[in-house]
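The values are calculated or read from the model by the stated rules, or taken from the named source; none is laboratory data. Everything numeric here is computed off the predicted structure, so don't read it as measured data. Please note: Cβ atoms are built from the backbone with ideal geometry, for glycine as well, and neighbour counts cover all protein chains shown. Side chains are part of the model used for accessible areas, which takes the heavy atoms of the whole protein and leaves out ligands, DNA and RNA. Shrake-Rupley method; radii C 1.70, N 1.55, O 1.52, S 1.80 Å.
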Amino acid sequence: MAPIVTSVSPAQGAPAGGTPVTLTGSGFTGATAVRFGSGLATNLVVVNSTQITARTPAGTGTVKVTVTGPSGTSTQNVFFTYTTVAAPVLTTIGPASGPPSGGNTVTLNGTNLGGATQVLFGPNPATILTNTPTQITVTAPAGAGTVGVVVTTPGGTSNALAYTYAVAPAPSLSSLSPVSGPTSGGNTVTINGTNLSGATSVMFGINAAAILTNTATQITVTAPAGPASAVSVSVTTPGGTSNPLPYFYITAPTVTELSTHLGPATGGNTVTVFGSGLTLTSAVDFGGNPATSINVISDSQLTVTAPAGSGTVQVTVTTPGGTSSTGTGNPHYTYLGAPVLTSLNPPNGSDAGGDSVVLVGSNLTYTDSVTFGGVPASFAAISDTQVVATTPGGPPGVVNVVAHTPAGNSNALPFTYDPS
């Protein structure tokens, strides 16, 4: 069966001949000649049974392309047109350098670039990605040193532009920020250094981070999860792998107890917080309100000045390991209104003491002391509005009665000691 020709590419070329072409079809095995009209093509290479490469002979006009093999000559109407095509001209190349391994994208700008059949970096062909009359993008091949880049089209071969295969300098790290984070990862870490462009990986120990931004001097990443430990952070670029910097994975803190669970709505009192992982505390919040004067005593204890607030709130601690969550223990704190006394019943009693007096008012539930003229009395808080106290006795005359709660002292009401 005679060969079958289905296409020729490119389908046009210079009258002087020499245009590289590729013929596709079938039955090409053993082909002995390719003709363009009556002209015999040169540099014939039978790639396989479906492809032949060759160079056109000189010619004019539009001619039929045929392939001759052991079983005859093709008869299909596949044509090639001889036309005067302007030679390609290159004006710029970008980037003008790349790694010896190749693989990077290079853009060539110029004129008469349409129908490019080949782009050479020195002796090595590049892979053509896109091709328009004014621009070609290619994947650079591997190479070394400085080479000339040329483009071949049906109009001929262009001028050469210089391209340098350069060994990229190794990356170097100078700092991380922050230098620690939660075991769950997910936080943003900024890496500073030099020669960081084109980073292909950032490793936290054996775990890869997600690269967010990348410049020559800075990379930002999302830290991966990792066990509570110190790991080495390194960056890999085409120039190699950087020096390592330490990064610490920290478990989230816990809050198990407070020295007092009650305090005034105005805040300002000192509260001791107990738990674990408190050494690197950066913030303590009372229901979302930040405490002040944080003083870390140990990994399990710190003191703060409570902020103002209301109701019952959860106390949380934040470190580079995260923010504590509700777990074992009691991390809750209740804000109290200041105690108020409105009346004493009765307002007088024997100077010998021992009389029962009802203190009436508000915010009295958490009363922790009652004094008559500064002398402590025994008492019992009956409700938020009543406390029953037993007078301690005192010299005849008028004294001040004051109730105290974790929110502070109440106002004073007069009590009269009658002489026995």
Region 318-330 residues that are without any contact (Cβ under 8 Å) to a residue 60 or more places away in the chain and open to solvent by 40 Å² or more (accessible area, probe 1.4 Å), paired with ones that are outside any loop (DSSP other than H, G, I, E, B) and not aliphatic (A, V, I, L, M) (beta carbon under 7 Å, 6 or more apart):
326/314
Checking residue 124 against (1) open to solvent by less than 60 Å² (accessible area, probe 1.4 Å); (2) at pLDDT 95 or above; (3) within 30 Å of residue 92 (Cα to Cα); (4) touching a strand residue (DSSP E or B) at 6+ places or on another chain (Cβ under 6 Å), which single condition isn't satisfied?
(4)
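Go through region 149-171 and count every residue that is assigned to a strand (DSSP E or B) and surrounded by 14 or more Cβ atoms within 10 Å (Cβ to Cβ). Please lay out each step first, then the result.
Keep residues of region 149-171 that are assigned to a strand (DSSP E or B), which gives 149-153, 156-157, 161-165.
If we keep only those that are surrounded by 14 or more Cβ atoms within 10 Å (Cβ to Cβ) as well, we get 149-153, 156-157, 161, 163, 165.
Number satisfying all stated conditions: 10.
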Being part of a strand (DSSP E or B), among the small types (Gly, Ala, Ser) and open to solvent by 20 Å² or more (accessible area, probe 1.4 Å) is the filter here, so list the residues in region 65-88 that pass it.
72
Of all residues being polar (S, T, N, Q) and modelled with pLDDT under 95 in region 270-280, which is nearest to residue 334 (Cα to Cα)? Just the residue, please.
276
Of (1) more than 30 Å from residue 250 (Cα to Cα); (2) assigned to a strand (DSSP E or B); (3) open to solvent by less than 60 Å² (accessible area, probe 1.4 Å), residue 313 satisfies every one except (1)
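Against the condition within 40 Å of the chain's Cα centre (by Cα), farther than 28 Å from residue 56 by Cα and not β-branched (Val, Ile, Thr), how does residue 141 come out, does it pass?
Values: within 40 Å of the chain's Cα centre (by Cα): yes; farther than 28 Å from residue 56 by Cα: no; not β-branched (Val, Ile, Thr): yes.
No.
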Test each condition in (1) open to solvent by 30 Å² or more (accessible area, probe 1.4 Å); (2) assigned to a strand (DSSP E or B) for residue 341 and report the one that comes out false.
(1)
Determine whether region 18-40 contains at least one residue that is at pLDDT below 95, outside any strand (DSSP E or B), closer than 23 Å to residue 137 by Cβ and not polar (S, T, N, Q).
no
Given 321, 361, 393, which one is at pLDDT below 95 and touching a strand residue (DSSP E or B) at 6+ places or on another chain (Cβ under 6 Å)?
321
Take region 280-292 and flag every residue that is surrounded by 15 or more Cβ atoms within 10 Å (Cβ to Cβ) and either touching a Lys or Arg at 6+ places or on another chain (Cβ under 9 Å) or not in a strand (DSSP E or B) (or both).
280, 281, 287, 291
Given the residues 252, 223, which is the only one that is within 20 Å of residue 320 (Cα to Cα), at pLDDT below 95, in contact with a Gly (Cβ under 8 Å, 6 or more places away or on another chain) and crowded, with 18+ Cβ neighbours inside 10 Å?
252
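So which of 91, 62, 107, 42 ends up being under 30 Å from residue 197 (Cα atoms) and open to solvent by 50 Å² or more (accessible area, probe 1.4 Å)?
Details: 62 fails: under 30 Å from residue 197 (Cα atoms); 107 fails: open to solvent by 50 Å² or more (accessible area, probe 1.4 Å); 42 fails: under 30 Å from residue 197 (Cα atoms).
The match here is 91.
How many residues are in a loop (DSSP other than H, G, I, E, B) and either touching a helix residue (DSSP H, G or I) at 6+ places or on another chain (Cβ under 7 Å) or of a type in the set (Ser, Thr, Tyr) (or both) if we restrict to region 197-216? First the steps, then the outcome.
Taking region 197-216 first, the residues in a loop (DSSP other than H, G, I, E, B) are 197-200, 205-206, 209, 215-216.
Checking the rest, the ones that are also either touching a helix residue (DSSP H, G or I) at 6+ places or on another chain (Cβ under 7 Å) or of a type in the set (Ser, Thr, Tyr) (or both) come to 197, 200, 215.
Summing the residues that are in a loop (DSSP other than H, G, I, E, B) and either touching a helix residue (DSSP H, G or I) at 6+ places or on another chain (Cβ under 7 Å) or of a type in the set (Ser, Thr, Tyr) (or both) in region 197-216 gives 3.
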Being within 22 Å of residue 117 (Cα to Cα) and assigned to a strand (DSSP E or B) is the filter here; which residues of region 1-17 pass it?
5, 6, 7, 8, 9, 12, 13
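Does residue 325 satisfy being outside any strand (DSSP E or B), out of contact with any Asp or Glu (no Cβ under 8 Å at 6 or more places or on another chain) and under 30 Å from residue 186 (Cα atoms)? Break it down into steps so the answer makes sense when it comes.
Details: outside any strand (DSSP E or B): yes; out of contact with any Asp or Glu (no Cβ under 8 Å at 6 or more places or on another chain): yes; under 30 Å from residue 186 (Cα atoms): yes.
Yes; evaluated as a whole, the condition is true for this residue.
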